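Participant: Mind looking over this structure? Questions follow.
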Number of protein chains: 2
Amino acid sequence: MGESAILHHRVALIKSPFSDKKRNEEIVMSIFWSQRVRNSQPYVAGEQPRDKKYIKLNTNENPYPPSAKALAAIRQATDGDLKLYPDPEGTVLKEALAAYYRLEPGNIFIGNGSDEVLAFSFMAFFNPGDKVFFPDITYSFYVVYANIFGVDCQQVPLDDEYTVDLEKMKGLPGGIILANPNAPTGRGLTVSGIKEVLRANPQRIVIVDEAYVDFGGETAAALVVDHDNLLVVQTFSKSRSLAGLRVGFALGHPALVQALDRIKNSINSYTLDRLALAGSVAALADEEYFRECCRKVVSTRERVAAQLQDLGFVVLPSRTNFLFIAHPSIAGQMLFQALKERGILVRHFARPRIENFLRVTIGSDEDMVAFMRQLEIVVTDMA
Amino acid sequence: MGESAILHHRVALIKSPFSDKKRNEEIVMSIFWSQRVRNSQPYVAGEQPRDKKYIKLNTNENPYPPSAKALAAIRQATDGDLKLYPDPEGTVLKEALAAYYRLEPGNIFIGNGSDEVLAFSFMAFFNPGDKVFFPDITYSFYVVYANIFGVDCQQVPLDDEYTVDLEKMKGLPGGIILANPNAPTGRGLTVSGIKEVLRANPQRIVIVDEAYVDFGGETAAALVVDHDNLLVVQTFSKSRSLAGLRVGFALGHPALVQALDRIKNSINSYTLDRLALAGSVAALADEEYFRECCRKVVSTRERVAAQLQDLGFVVLPSRTNFLFIAHPSIAGQMLFQALKERGILVRHFARPRIENFLRVTIGSDEDMVAFMRQLEIVVTDMA
């Protein structure tokens, strides 16, 4: 639309504001939206139903509550000091994470969930037009970041077993992102595999997204000391049962952490509030409870995986808190819908190669009994 | 540095990692930092001292604690449900804000403090190379956003009284940001002045940053209904005593809010945690306490302003929770330093035109008595 055409519309608008709501919105968009907004294809988070009680196996939340010590620390921090800004550096949390991973505080970046950490990584390490390589089937937020920051996605196909072919990840002309274990497949890479990728791309940033690593994956955290092209990203949302608190972090060479800090301090000095800082420090200290929750999730996962196979499902081997499953003769969308009608929410991705899969979060033993019961009925009805 | 020189460095590095820490960091930066990081000039937040008890009048925090009802709501939300993601839409908070400002939920965007809302606004409404106009003396984060997003800052000089000349804000070839009341000057514009700017720039976004408006400014919130080029940005950090909780919001035409939502949902689906959502809704509902705190701050401000004038200071008229003051014969930096040595933290900006000013947050009556006592000693010593 030319300048004069826009002006013409505006005059009409000023005369009768909101007389034609639909048209008005389109015009306002055409005048004010940046190219970045136009190019964006925002991530659609899994449903958070407010109206009905579902058994919620759709967003990979932990079925067990956060550490009681974390809740106590939050309650203790809920006082008049909330009038004060948080520590913009999150010093106490950085020191705790450094001690936990045997690194220095200068190796630690903290953010409002690992999604924010990943977004800042795109801003810190990629210029518009740069290439970034990741599997064709992986966390769907990577494409979203690439779109908004003008980075050129190069999707590397997983093999027929939905496994990352490491040979395809070597000597690449761009940055690399590997979710390990991968989502939504659940498959894990070994640390020695990650090391191969790091060594084969010394001039390229390699971001290893370890959101699910605590459920049986191998963490690359210790590689940070010797590999300055490695950024390991983790979160408190899954294994520490704190999705509602918004805490994520990255481990890397101090120069990479400085880049992330420069981005953060150009957007928002205080991304973690006082309660998130207090709660995450206490959660990290409660190692025993953390291990117990992870152990229970893994044990439930293995039991349910076997039951699903007995029911005829293809079940990819999982090192996460979810299972990626497909029925040989019933479409994923139909299973998803039938389960939803029966009060069970799982995640279905209408994307090539995986449209017949469902991603099922591991809930409590009780949740999973209910899930299996409903699934058996659905499969019997449909098969 | 050429590709081969970098490679040469890298070979040396791989042989003896961290043998020369300084050199190593520079090389890592040179390989991995994006242009955006190189261009960045991060915001430096006011000091949050951890080691010593200062009287803290440097970051415009409220001297009064948050509403007891907000604290109670946070404690109540501190339960096992923290394992679940927050509502990504923040529906309850949006509905509460819409009711409060007599707008629709579609007019409301919420974010992790108003700084994040402003950063997302730069992403949503400006393309790289676009011009953005704001006063030469204003919130120093605007320049930071412009640097990181490649937007061309056009700084419009305040007049000799540190007032915005509205005539200079008309018919501009770019977006406009006005802090109202302005920081760090404390001066306010009228709503009719804002309306003039909106009407004189119908094709341009006008962002009115009302972080301090509740302490005596005039809000443009009601103008949102009739002006689709207006975005009003506010925060819970100052007048609602919740700097530690990270809640900010914007009011605007639904098409502007949609643009902000697209940016947010391309970066982080859940920028506000469950506790911030619960606490801010409760704080907003406690209107009586809010008004009482604002009234007390304003009353203290007026008393201290008079005392400062009696002591010989230039005191700009303030509609905020701070005073912007200068002594006719003592340099701002010296006053800042002398007060700090006496346990009083204020803010000094080493910037042209205002290097002799101090920005002094209005603390409790007790804090301000201590401040005035120390200031009198310092001035007597130095004058």
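Throughout, read-outs are computed from the coordinates displayed, never taken from laboratory work. Nothing here was measured: the structure is a model prediction, and the numbers come from that model. For neighbour counting, all protein chains shown are included, and Cβ atoms are generated from backbone atoms with ideal geometry for every residue, glycine included.
Participant: Compute the orientation-averaged projected area for the range B:188-265 from the convex hull of its Cα atoms and round it to one decimal in nm².
Facilitator: Across all orientations, the range B:188-265 yields a mean hull projection of 5.5 nm².
Participant: Report, for residue A:100, each distance to the same residue's label point in the other copies, shortest first and in nm; define the point 7 Å along Cα→Cβ.
Facilitator: Distances to the matching label points in the other copies: 3.3 nm.
Participant: Related question: Distance from the Cα centre of the range A:233-259 to that of the range B:313-383, in angstrom?
Facilitator: If we compute the Cα centre of each part, the gap is 39 Å.
Participant: If Lys and Arg each add +1 and Asp and Glu each add -1, what is the summed charge of the other residues whose beta carbon sits under 12 Å from the beta carbon of residue B:232?
Facilitator: Net local charge, residue B:232 excluded: -3.
Participant: At residue A:155, with labels set 7 Å past Cα in the Cβ direction, how many nm apart are the copies from this one, shortest first?
Facilitator: Distances to the matching label points in the other copies: 4.6 nm.
Participant: Answer with one residue from A:194, B:285, B:328: the one whose Cα lies farthest towards the positive end of the charge dipole of the protein assembly as shown, charges on Cβ with Lys, Arg +1 and Asp, Glu -1.
Facilitator: Checked the options; the winner is A:194.
Participant: Also: Considering only A:166, A:272, A:358, give the residue with the highest GNM mean-square fluctuation for chain A, with springs between Cα atoms whenever their separation is below 10 Å.
Facilitator: Evaluated over chain A, the most mobile residue of the options is A:166.
Participant: Follow-up. For chain B, what does the helix formula give at 222 nm: sum of -39500 (n - 2.57) over DSSP H segments with n ≥ 4, over the residue count, nearest 500 deg cm²/dmol?
Facilitator: When only DSSP H runs of four or more count, the value is -12500 deg cm²/dmol.
Participant: Could you give the C-alpha radius of gyration of the range A:223-359 expressed as a fraction of 2.2 N^0.38 Å, taking N as the number of residues it contains?
Facilitator: 1.37
Participant: Per residue Cα convex hull volume for the protein assembly as shown, in cubic angstrom?
Facilitator: Roughly 165 Å³ of hull volume per residue.
Participant: Of the options A:339, A:133, A:208, report the single residue whose Cα projects farthest towards the positive end of the charge dipole of chain A (beta-carbon charges: Lys, Arg +1; Asp, Glu -1).
Facilitator: Of the listed residues, the answer is A:339.
Participant: Placing +1 at every Lys and Arg Cβ and -1 at every Asp and Glu Cβ, with all other atoms neutral, what dipole size does chain B have around its Cα centre, in debye to the nearest 20?
Facilitator: For chain B, the charge dipole is close to 880 debye.
Participant: Out of residues 5 or more away from residue B:216 or on other chains, whose amide H comes under 5 Å of its own, with H placed 1.01 Å from N in the peptide plane?
Facilitator: Amide H to amide H, under 5 Å and 5 or more residues apart or across chains, residue B:216 pairs with nothing.
Participant: Also, I was wondering about something else. Based on alpha-carbon atoms only, what is the radius of gyration of chain B relative to the globular estimate 2.2 N^0.38 Å?
Facilitator: 1.08
Participant: Quick one: what does P(r) look like for the range B:94-133 with 10 Å bins over all Cα pairs, in whole %?
Facilitator: Histogramming the range B:94-133 at 10 Å steps yields 27, 38, 28, 8 percent.
Participant: What Kirkwood radius, in Å to one decimal, follows from the Cα pairs of the range B:53-112?
Facilitator: Roughly 14.6 Å, rounded to one decimal.
Participant: Using the Cα centre of the range B:68-286 as the reference point, and only Cβ charges (+1 on K/R, -1 on D/E), how large is the resulting charge dipole? Debye, rounded to the nearest 20.
Facilitator: Around 380 debye, computed over the range B:68-286.
Participant: Measure up B:238/B:296; B:53/B:296; A:131/A:170; A:296/B:83; B:170/B:195 against 18 Å on the Cα-Cα distance and list the ones that go over.
Facilitator: Those over the limit are B:53/B:296.
Participant: Sticking with this structure for a sec: If you stretched the chain out fully between residue B:329 and residue B:351, how much longer would it get, using 0.36 nm times the residue separation minus the C-alpha to C-alpha distance?
Facilitator: Taking residue B:329 through residue B:351 to full extension adds about 6.1 nm, to one decimal.
Participant: Next question. What's the longest bit of chain B with no exposed trypsin sites (Lys or Arg not before Pro), using DSSP loop states and at most 13 other Cβ atoms within 10 Å as the test?
Facilitator: The longest uninterrupted stretch comes out as B:171-352.
Participant: Would you kindly calculate the mean projected area, averaged across all directions, of the convex hull enclosing the Cα atoms of the range B:337-380, in square nanometres?
Facilitator: Reported value for the Cα convex hull: 3.2 nm².
Participant: Given q = 0.12, 0.15 Å⁻¹, what are the Debye log10 I(q)/I(0) values for the range A:141-242, with equal point scatterers placed on the Cα positions and solvent ignored?
Facilitator: Debye output, listed in q order: -0.39, -0.62.
Participant: Find the Rg to Rh ratio for the range A:290-383, where Rh is the Kirkwood radius over alpha-carbon pairs and Rg uses the same atoms.
Facilitator: That ratio equals 0.95.
Participant: Now for a separate question. Among A:332, A:111, A:171, which one moves the most in a GNM of chain A with springs linking Cα atoms closer than 10 Å?
Facilitator: In the Gaussian network model the winner is A:171.
Participant: If you average 1/r over every pair of different alpha-carbon atoms in the range A:76-286 and take one over that average, what Kirkwood value in Å do you get?
Facilitator: For the range A:76-286, the Kirkwood estimate is 17.4 Å.
Participant: If you find the alpha carbon centre of the range B:26-59 and of the range A:76-145, how far apart are they in angstrom?
Facilitator: Centre-to-centre (Cα) distance: 15 Å.
Participant: Put a label point 7 Å from Cα along the Cβ direction on residue A:166, then list its distances to the equivalent points in the other copies in nm, shortest first.
Facilitator: In nanometres, ordered from closest: 6.8.
Participant: Something else about it: Only four residue types carry charge here, +1 at the Cβ of Lys and Arg and -1 at the Cβ of Asp and Glu. Report the dipole size of the range A:26-129 about the Cα centre in Debye, rounded to the nearest 20.
Facilitator: For the range A:26-129, the charge dipole is close to 340 debye.
Participant: So which helices of chain B fit the span-like rule, where a helix is a whole DSSP H run, its Cα atoms reach 30 Å or more along the axis, and its mean Kyte-Doolittle is at least -1.0?
Facilitator: Answer set is B:287-310.
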